[in-house]
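Since the structure comes first, as structure tokens, the remarks are kept for the end.
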Amino acid sequence: GYTTEEVVKAKQRRYFNIMQKWLERRPDDYIVRHHEAQTHYVWGELDEAIADYRRILSDGKAASDRNLIIVTTAHLYLGRSFMRKGEHAQALPPLHEALRLDDRYAVAHLTIGECYLRLNRLDESLRHLNLAQSYEDQVTFAPNDPRKVKALIRLFQGHAHEARGDLEEAVRRYEASASIQ
């Protein structure tokens, strides 16, 4: 049934409308709210995504249910939403909170490393990118492509080394990024 881009978008909109109707009747359903937030994030509706992630985190129900997957990803994607808006300093607190909840989460270290890179805080960037690399083979609950994660870690390491003027190491990291299949 997913034959064209228009069909896919129509189905996405239909399912999104079903989620919104569900949330009208059950506004405390943080799992469906998380799906709504992720949809806003993917669609680039960042202010809406931020509002949803904040609501998930502020109501405390996911935390009291000990649903650490929802809580951790809400913090992570709240930070990523701020980054996509170019508000990197504002992204750091929720990103660090995601890391506090799972200090071996490679994607959280990768995202913080990228954020510090954007803020030109190169030592902190490389520290987190190197930690991301050390945890890159970890199995996670998130559907991330492990090859993409590995390639991005090395790409951002290359950017950080280039910004520091260490061009030989930057080239090594770029080549390592390009060689990941």
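Things to note:
- Too-long pairs where the Cα-Cα distance tops 26 Å, listed order kept, from Lys61/Lys148; Lys85/Lys150; Lys9/Lys85; Lys85/Lys148: Lys61/Lys148
- Diffusion coefficient, µm² s⁻¹, Stokes-Einstein with Kirkwood Rh over alpha-carbon pairs of the chain at 37 °C and 0.692 mPa s: 188 µm²/s
- Environment charge of Ala91, counting only residues whose C-beta is closer than 14 Å and scoring Lys/Arg +1, Asp/Glu -1: +2
- A simple packing score, the average count of other Cβ atoms within 10 Å per residue, orders the peptides 122-128, 82-88, 134-140 as 122-128, 82-88, 134-140, with the highest score first.
- Listed peptides 160-169, 29-38, 110-119 by packing density, highest first (mean Cβ within 10 Å): 110-119, 29-38, 160-169
- Percent accessible area from carbon and sulfur atoms, the chain, protein chains only, probe 1.4 Å: 50 percent
- Under the convention that each Lys and Arg Cβ holds +1 and each Asp and Glu Cβ holds -1, the size of the dipole of region 45-150 around its Cα centre is about 120 debye.
- Whether region 87-181 is rounded, prolate or oblate, judged on the alpha carbon gyration tensor where a/c under 1.5 counts as rounded: oblate
- Cβ-derived FRET efficiency at R0 41 Å, Glu168 paired with Arg14, nearest 0.05: 0.20
- Taking 0.36 nm per residue of separation and subtracting the Cα-Cα distance, full extension of the segment from Trp43 to Val139 would add 31.9 nm.
- Accessible area per residue for the chain, computed on protein heavy atoms with a 1.4 Å probe, is 56 Å².
The values are calculated or read from the model by the stated rules, or taken from the named source; none is laboratory data. Because the structure is a prediction, the values reported are computed rather than measured. When we count neighbours, we look across all protein chains shown, and the Cβ atoms used for this are built from the backbone with ideal geometry, even at glycine. Note: areas computed on protein heavy atoms with side chains; ligands, DNA, RNA excluded. Shrake-Rupley method; radii C 1.70, N 1.55, O 1.52, S 1.80 Å.
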